1. Residues in segment 318-335: is at least one more than 21 Å from the chain's Cα centre (by Cα), among the hydrophobic types (A, V, I, L, M, F, W, C) and in a strand (DSSP E or B)?
2. Restricting segment 191-205 to residues that are under 24 Å from the mean Cα position of the chain (by Cα) and of a type in the set (Lys, Arg), which is modelled with the lowest pLDDT?
3. For segment 427-450, how many residues are within 17 Å of GLY291 (Cα to Cα) and in a loop (DSSP other than H, G, I, E, B)?
4. Which residues, counting only those in segment 206-223, are crowded, with 22+ Cβ neighbours inside 10 Å and modelled with pLDDT under 95?
5. Report, by residue number, each residue of segment 338-358 that is open to solvent by 10 Å² or more (accessible area, probe 1.4 Å) and either assigned to a helix (DSSP H, G or I) or closer than 25 Å to LEU157 by Cβ (or both).
6. Restricting attention to segment 305-317, which residues are of a type outside the set (A, V, I, L, M, F, W, C), in contact with a helix residue (DSSP H, G or I) (Cβ under 7 Å, 6 or more places away or on another chain) and either part of a helix (DSSP H, G or I) or open to solvent by 20 Å² or more (accessible area, probe 1.4 Å) (or both)?
7. On the basis of being basic (Lys, Arg), touching a Lys or Arg at 6+ places or on another chain (Cβ under 7 Å) and more than 30 Å from THR425 (Cα to Cα), does ARG192 make the cut?
8. When only residues in segment 364-380 that are among the polar types (S, T, N, Q) and outside any loop (DSSP other than H, G, I, E, B) count, which is farthest from ALA270 (Cα to Cα)?
Amino acid sequence: MSIYYEHKTHVNSNVEDTFAWHERKGSFRRLMPPWEVAEEVRADDTLEDGAERIFRFPMGPVKMKWVAKHSKYNPPHSFEDDMLKGPFKSWHHKHQFTQNEDGTSVVLDKVNYRLPMGFLGKLVAGRMVRKRIERMFFARQIRLERDLKRHEQFAHLPRKKILVAGSSGLIGRQLVAFLDTGGHDVWRLVRRDVKKGEKELKWIPDKEEINTEDIEGFDVIIHLGGAGIGDKRWSKKRMKLIEDSRVNSTNLLVKTIRGLNNKPELFMVASAMGWYGERGDEVLTENSEPGEGFLPRICENWEQAANAVKSDGIRTINLRTGIVLDATGGALGKMLLPAKLGGGGPIGRGKQWYSWISMDDQIYSMYHLMMKQECEGVYNISAPKPVRQKRFAKVLGKVLRRPAFIPTPPFAIWFLFGKMGVALTTESTKIIPERLTESGYEFEHSDLEPALRDSLGLWS
């Protein structure tokens, strides 16, 4: 028995721009619900008849492959796709685009699907599947509305040719997808062999290998690379890798950029709120002094390496990023399992400050700084309302509908994760995005609860 589902999204863009957004490769990543760990296996660079997209996604404890084939390509009015392989017995999705008299448009998603095992499948899993579909399409609506709005702000400016290092990371994946859907020419600087037909360039920063000719002609170079700070215990070897992977790779890019005939107009480099270190209740702006210890030293050296291109007249931006809220990884990803089990209470006394930012605000603020020519220097990339860790745990528990009062002693963190865990969970850093706010950036999420609800798809 076929089940019908329909979802309508109103956007403030005309139908041509809205359809074009869907045609770009990055739309798949941006439309994927932010709590889904999806892996794209292969995708044709078109929505035309016969084009296919293959991806894997978690379905309970296993990964499920989904193969979709496009049909009835009719720009800018509609396109359709059918599931050839996946969790449903059948799935047909029609994307319909219409324009209103005021120049805005409507995206109407029409889905017909059938569950395995017929009536029994509907009886056992019908309601659960329906709720998952509803959550998915509401998340798609939010992302589409926001992305089109943000692109519209700078639609009058020329599109950029952009090179991104660290594009496979948590932030990099979303940034590349967002920039692509805005019509920019986005290339990835990768350490592995490049994939045929992809916009990729290879470098081996450990061996200081990069082809200077490949780097000629980019308007913007963004460096987000580096070994994960919270991935493993901080042994001496790991700590050296964390520092070298950031500072040495930045030095290599700086050396390469300074030798170019056609230099970029902007060099944007990741940093972190770790620049400030443990600061208690001190309010920290971009003008505050650096902290002391391992992370502040790395961040200071990292920023100094990047700033060497300033003497060549290149606009340079250092991003001191806070805790990025993403359900698929990073700090929030690590918090979710214990929080869902009721063990997500305060760490120690819970008085340490957490400076957080939603993934959308992370991406949109970077785009804002990139497109505004007057923006340069250091920027704190965090929401304007940091919270104490105890408050963070309480709000996360509320969103998950789980208790959040059982404390975790710092020695337990040390036992499980070593020095790394203690530094990342108990140090207090209260940063304020003073310069970002002064630049005119408007946040999607100033308050923690709405940000967590969007990240987890738990709006009620």
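The values are calculated or read from the model by the stated rules, or taken from the named source; none is laboratory data. Because the structure is a prediction, the values reported are computed rather than measured. Cβ atoms come from the backbone with ideal geometry, glycine included; neighbour counts cover every protein chain shown. For accessibility, only protein heavy atoms count, side chains too; no ligands or nucleic acids. Shrake-Rupley method; radii C 1.70, N 1.55, O 1.52, S 1.80 Å.
1. Restricting attention to segment 318-335, the residues satisfying the condition of being more than 21 Å from the chain's Cα centre (by Cα) are none.
Taking every residue of segment 318-335 in turn, none turns out to be more than 21 Å from the chain's Cα centre (by Cα), among the hydrophobic types (A, V, I, L, M, F, W, C) and in a strand (DSSP E or B).
2. Going through the qualifying residues, I end up with LYS195.
3. Within segment 427-450, residues that are within 17 Å of GLY291 (Cα to Cα) and in a loop (DSSP other than H, G, I, E, B) number 4.
4. Answer for segment 206-223, where residues must be crowded, with 22+ Cβ neighbours inside 10 Å and modelled with pLDDT under 95: there is none.
5. PRO338, LYS340
6. Result: ASP312, single match.
7. no
8. The first filter runs over segment 364-380 and keeps only residues among the polar types (S, T, N, Q), leaving 365, 373, 380.
Going one step further and asking which of them are outside any loop (DSSP other than H, G, I, E, B), we end up with 365, 380.
Values: SER365: 13, ASN380: 11 Å.
So, considering only residues that are among the polar types (S, T, N, Q) and outside any loop (DSSP other than H, G, I, E, B), the one farthest from ALA270 (Cα to Cα) is SER365.
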